[in-house]
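Novice: Structure in structure tokens, see below.
The values are calculated or read from the model by the stated rules, or taken from the named source; none is laboratory data. The structure presented is a predicted model; accordingly, all values stated were derived computationally and were not measured. Cβ placement follows ideal geometry from the backbone for every residue including glycine, while neighbour counts extend to all protein chains displayed.
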Amino acid sequence: MLSMVLALLVPLSGAGFIFLARTRPARLLVLLLTTFAHVVLTGSLWLGPRVPAAGALLGVDAQGLLFLSVISVLYCLVAVHLVAYTGRDPRGAPPVFLACHLFSLAAMTLACFSQHWGLYWVAMEATTLASAPLLFYHHGPRSLEATWKYILIGSVGIALALMGTLFLGMAAAAVPHVENSLVFSTMLASADKLSVDWIKIAAVFLIVGYGTKMGLAPMHTWKPDAYGEAPPPVAALLSGGLTNAAFLGLLRVATLCNAAGEAAFVRSILVALGLASIGIAAASMVGQANYRRMLAYSSVEHMGILTLAVGVGGLATFGGLLHAVNNAFNKGILFLAAGNILQACRTSEVKGITGLFRQLPFSAVFLVIGFFAATGFPPFGTFVSEFTILRGLIAGGGVVVPALYLGFLAVVFIGMGAIVLGMVQGAPVATPEGAKPARETFASVLPIVVLTALALLLGLHIPEALGDLLKQASDVPGGFR
Amino acid sequence: MRFLTDSILIGTILISVFMLSTARLGMTVRSFALQSFLLAFLPSLLHEPGFHQILILVGAILIKSYLIPRFLFRAIREVSIRRDVQPVIGFGTSLLIGALLVALAFAVSANLPLPVGVASSLLLPASLSTFLLGFLLIVSRAKALLQVVGYLVVENGIFLFGVSLVQQMPLLVEMGILLDVFVAVFVMGIVIFRINREFDHMDTANLTTLKD
Amino acid sequence: MISSILHLLLLLLAPPLMLGILQRTKALFAGRRGPPLLQVYYDLWKLLRKGAVYSRTTTWVFRAGPVVGLAAVIVAGLLVPIAGIRAPMAFQGDLILFAYLLGLARFFTVLAAMDTGSSFEGMGASREASFGSLAEPALFAGLLVLFVGSGDFSLSGILGPGLFRLWGAIGPALVLVAVSFVVLLLAENCRIPVDDPNTHLELTMIHEVMVLDHGGPDLAFILHGASIKLFLFASILVRMILPTATGFAPLEALIWAAGMGLVAVAVGCVESVMARLRLARVPTLLGGAMVLGTVAIAVLLTLESAR
């Protein structure tokens, strides 16, 4: 309990300290210390119980702990990278920018701890508001446009999710003698008695609402703009952290519907959305001119894979949870490497960049590694997770879904590969007159190395503790038993 | 009492429809203020008047009928040159689609069972209609400010649903929701100011540089 | 028998008085003394004694237009209970006949306008036709609510003694119907904000331009017909808003008369206070009336199913 409260308070107080700090090194130091402390606190939660107290608004459950750990590690590593990134960017490290990192971390922590649907919603809304200023780092018309679309579409999605949450409240209220509570475990326990009509309409609203936050197609239109204009470290946080926090909501919706007997209904919605996301992302990635937008579409694709996995259920749920972890790390690798490339080459256009192997050897290598990891190459963790999901799809029956899944993934591989390999090979572009030659510092490379190590670890040998946590997390109605 | 409740609910729907048909920015914001004012009285009419209800009444009127409209009017004064706007899909089409959405809301509500003892059978249709009409407002208007008002109308629909039908939201969460609305509008307002400073207008239809 | 004759006399003789009150109200608003209340009677008498000039390009349609218009409106009036007096003609389904008799009147006015072959009248005819077609759904939505709510398919039945009870049962829906009816009253009788009865500018005329070529007795028929149409709409509106069921005939008549006077004054006030809408915005207004009707139907169905 104490660890939980501390995990919430530490980022908030850290944000306060950032405003007090006067110099850039001091602020960055506060950021690093806070995120590191958060990782330690999250680690300590691994030792505690993983079943929340009945009826409590906050609590640690297996899924929340899994996602929180991933988010925490990602934030810490991105903080290290920020040291290098803000050093090279003319905007520097404004206090609002750094503080909002911690605010969004606090909001995501709250989301992972929430056991009450309403509280979870508040946390998700808070993440939207806290991460909006992060997008606006490079002031300018393009950033502004991206921020506006992010806020508007995000808020609309959140409004839908709120309505869905209220509908869930009605599902219990409409049936007499059923305990009327929006606490997740309580609802799950009496799921078979809840009103089916309300559950179905609630599921639709919640899936569309939180799906918008995740970036599922067709609600994904804000993603390319937002990730394309945000500073790449921020994009890493959003695609690795925020999407997982929203995915938690989707997971809980699916669990509740399965427990209430509406498994077929929610399955069709989720499978359709998942396949649509993967397909649209694949189509948009081919011939993409902007490598940051390409990464955004990659994020959409992986969200589609996650949704598909949850929709099919069974073994695929285990694969989906593992994939969520993998995806966070992969996106970290890709976006942080892209951040280094952006600062060195000063352009987001693919055609202006070649020969990165010579110019920025480390970042180029990790970009390629990230590409292989994101498209499911062994020995990376993504291979295991995507293959597990494929097994789950085939076990679920039918041929069309696995065939489409594989086909879309192949298209993604080709599209992304063409772009990435074109960027890293060939002769390096001449540096513009008077510009500093590109360098790679320790701080900008170390986080990527750590993330790559984690991705490899998950592919080669999943640690026992993590495996246990994953099994616990997928042990839900409709999941892998 | 029942007549009063029903009238407030129908008035809410009609105000939302009216917002679809008016071209003037100021009128839209004033309609929203009126709608929020009417809705603030609903909890006191539906449940036993108590501390909870009074708090919501005061909070909602203060934030949604006074603070937010004041903020929006300031935005209009500072940012807007043209005070009226044509919607993307035309007024007639907006009204027609609005009528269809209202009909859809009523049709869907007929299939959803309500708990025993609900004061009026119009609560659910009214909240769903307001919700859907707010969405229509967001989609059919190109001016950023009107999109914010549309979002606020959506929140009004949610508020209507929440205070009237859902019993077990802790007060904390309800206040959290209200606060979230306020902060969201605040943040949106800041972005609108920036948009105006950057682009000299508030027309989101012109925000089209970012595309594949 | 006596009541039918009374009804017919009232129908023929009272409407110009209503127009007179309306014009007086507008004059007072403008700070003038205004014409005497009986001015419209004098106008009708003057027009009936005049001769008419017919253009050589017109046919019998042009001569038939005003006559059919007046006749249709009078027959429609026979279906509506006035001043607490029962309607001389009443049968199941007469509200459809009512709506279409008014439509017939409009149709012949439009035909007569087009018969002149002048593009000026043609423009007015097309405007009138399009606005009329937009107003019809609203009218029928309102009538539908009344029909479904009361279970009676006759105007006399709907507007009879049972109306008070109906308000208690489906009050909110009736409020919506009443408001939509007010908009329809202004639209169908060519009042501001839909049309300006005093204008003579090409861009702003709708009804006026159609009757431009008529003179003498034809114009008298048109004027009388228009006043009767306004009278009928106002009568239905007054009955809807003041659904008294005292059973004491003179009292009912008095209440009705007071209501009609109030409606005349109210329309006069609206005409004095508002400006005419831009032509492009009139469909929006009528669309709004239709939405009101739709919402009224939806509310009615919900209230009915809840009972």
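Novice: Any residue that is modelled with pLDDT of 90 or more, more than 12 Å from the chain's Cα centre (by Cα) and either under 20 Å from residue A:110 (Cβ atoms) or assigned to a helix (DSSP H, G or I) (or both) - is there at least one of those in segment A:236-246?
Specialist: no
Novice: Checking the conditions here, which among C:299, C:273, C:295 is in contact with a Pro (Cβ under 7 Å, 6 or more places away or on another chain) and more than 29 Å from residue C:66 (Cβ to Cβ)?
Specialist: Sole residue among the options that is in contact with a Pro (Cβ under 7 Å, 6 or more places away or on another chain) and more than 29 Å from residue C:66 (Cβ to Cβ): C:299.
Novice: Sticking with this structure for a sec: I'd like the residue in segment A:191-218 that is surrounded by fewer than 24 Cβ atoms within 10 Å (Cβ to Cβ) and away from chain B (no Cβ under 13 Å) and, out of all such residues, is nearest to the chain's Cα centre (by Cα).
Specialist: Restricting to residues being surrounded by fewer than 24 Cβ atoms within 10 Å (Cβ to Cβ) and away from chain B (no Cβ under 13 Å), the top hit is A:218.
Novice: If you don't mind, another one. Report yes if residue A:296 is modelled with pLDDT under 90, part of a helix (DSSP H, G or I) and buried (at least 24 other Cβ atoms within 10 Å of the Cβ), otherwise no.
Specialist: No.
Novice: Please count how many residues of segment C:147-164 are in contact (Cβ under 8 Å) with a residue 60 or more places away in the chain and assigned to a helix (DSSP H, G or I).
Specialist: Matching residues across segment C:147-164 total 8.
Novice: Exactly one condition in (1) crowded, with 23+ Cβ neighbours inside 10 Å; (2) outside any helix (DSSP H, G or I) is false for residue A:335; which is it?
Specialist: Here residue A:335 meets the rest and fails (2).
Novice: Is it the case, given these coordinates, that residue A:65 is at negative phi and under 19 Å from the mean Cα position of the chain (by Cα)?
Specialist: yes
Novice: Please go through segment A:373-389 and give me each residue that is free of Cβ contacts under 8 Å to residues at least 60 places away in the same chain and surrounded by fewer than 20 Cβ atoms within 10 Å (Cβ to Cβ), ordered by number.
Specialist: Hit for segment A:373-389 is A:377, nothing else.
Novice: Consider residue C:289 carefully, then state whether it is within 14 Å of chain B (Cβ to nearest Cβ) and modelled with pLDDT of 80 or more.
Specialist: So residue C:289 passes the test.
Novice: Next question, about the same structure. Which one is surrounded by the most Cβ atoms within 10 Å (Cβ to Cβ), of the residues in segment B:117-147 that are in a loop (DSSP other than H, G, I, E, B) and more than 12 Å from chain C (Cβ to nearest Cβ)?
Specialist: Per the criteria, the residue is B:141.
Novice: So which of A:277, A:268, A:284 is more than 14 Å from the chain's Cα centre (by Cα), hydroxyl-bearing (Ser, Thr, Tyr) and surrounded by 24 or more Cβ atoms within 10 Å (Cβ to Cβ)?
Specialist: Working: A:268 fails: surrounded by 24 or more Cβ atoms within 10 Å (Cβ to Cβ); A:284 fails: surrounded by 24 or more Cβ atoms within 10 Å (Cβ to Cβ).
Among A:277, A:268, A:284, only A:277 is more than 14 Å from the chain's Cα centre (by Cα), hydroxyl-bearing (Ser, Thr, Tyr) and surrounded by 24 or more Cβ atoms within 10 Å (Cβ to Cβ).
Novice: Identify, from the list C:105, C:76, C:52, the residue that is over 25 Å from residue C:159 (Cβ atoms) and touching a residue at least 60 places away in the same chain (Cβ under 8 Å).
Specialist: C:52
The rows are residues; the columns are (1) charged (D, E, K, R); (2) at pLDDT 90 or above; (3) touching a Gly at 6+ places or on another chain (Cβ under 6 Å).
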| residue | (1), (2), (3) |
| --- | --- |
| C:3 | no, no, no |
| C:9 | no, yes, no |
| C:22 | no, yes, yes |
| C:34 | no, no, no |
| C:39 | no, yes, yes |
| C:44 | no, yes, no |
| C:48 | no, yes, no |
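Novice: Can you give me the number of residues within segment C:72-83 that are outside any helix (DSSP H, G or I) and either β-branched (Val, Ile, Thr) or surrounded by fewer than 22 Cβ atoms within 10 Å (Cβ to Cβ) (or both)? Lay out the reasoning, then the answer.
Specialist: Keep residues of segment C:72-83 that are outside any helix (DSSP H, G or I), which gives C:78-83.
Remaining after also requiring either β-branched (Val, Ile, Thr) or surrounded by fewer than 22 Cβ atoms within 10 Å (Cβ to Cβ) (or both): C:78-80, C:82.
Final tally of qualifying residues: 4.
Novice: What tally of residues in segment C:157-168 results from selecting those that are within 12 Å of chain B (Cβ to nearest Cβ) and under 25 Å from residue C:288 (Cα atoms)?
Specialist: 1
Novice: Select from segment A:161-176 the residues that are assigned to a helix (DSSP H, G or I), among the aliphatic types (A, V, I, L, M) and over 18 Å from residue B:125 (Cβ atoms) and list them in ascending order.
Specialist: Within segment A:161-176, A:161, A:162, A:168, A:171, A:172 meet the criteria.
Novice: What is the number of the single condition among (1) on the phi > 0 side of the Ramachandran plot; (2) crowded, with 17+ Cβ neighbours inside 10 Å that residue A:92 does not meet?
Specialist: (2)
Novice: Being more than 15 Å from residue A:317 (Cβ to Cβ) and either in a loop (DSSP other than H, G, I, E, B) or touching a Pro at 6+ places or on another chain (Cβ under 9 Å) (or both) is the filter here; which residues of segment A:395-408 pass it?
Specialist: Hits for segment A:395-408 are A:397, A:398, A:399.
Novice: Of the residues that sit in segment C:52-71 and are in contact with a Gly (Cβ under 8 Å, 6 or more places away or on another chain) and modelled with pLDDT of 90 or more, which one is surrounded by the fewest Cβ atoms within 10 Å (Cβ to Cβ)?
Specialist: Ranking the qualifying residues of segment C:52-71, first place goes to C:70.
Novice: Let me confirm something: among C:131, C:108, C:120, which residue is of a type in the set (Phe, Trp, Tyr), within 24 Å of residue C:194 (Cα to Cα) and modelled with pLDDT of 90 or more?
Specialist: Exactly one residue qualifies, and that residue is C:108.
Novice: So, in segment C:264-300, of the ones that are without any contact (Cβ under 8 Å) to a residue 60 or more places away in the chain and either over 23 Å from residue B:98 (Cα atoms) or crowded, with 19+ Cβ neighbours inside 10 Å (or both), which residue ends up farthest from the chain's Cα centre (by Cα)?
Specialist: Ranking the qualifying residues of segment C:264-300, first place goes to C:298.
Novice: Can you tell me which residue is surrounded by the most Cβ atoms within 10 Å (Cβ to Cβ) among those in segment A:160-176 that are within 7 Å of chain B (Cβ to nearest Cβ) and under 23 Å from residue B:146 (Cα atoms)?
Specialist: The selected residue is A:162.
Novice: Kindly state which helices (runs of 4 or more DSSP H) lie completely within segment A:58-159 and contain at least 3 residues that are over 22 Å from residue A:8 (Cβ atoms) and either more than 10 Å from chain B (Cβ to nearest Cβ) or at pLDDT 85 or above (or both). Give the steps one after another, and end with the answer.
Specialist: Details: elements: A:62-88, A:95-113, A:117-135.
Filter on segment A:58-159 gives A:62-88.
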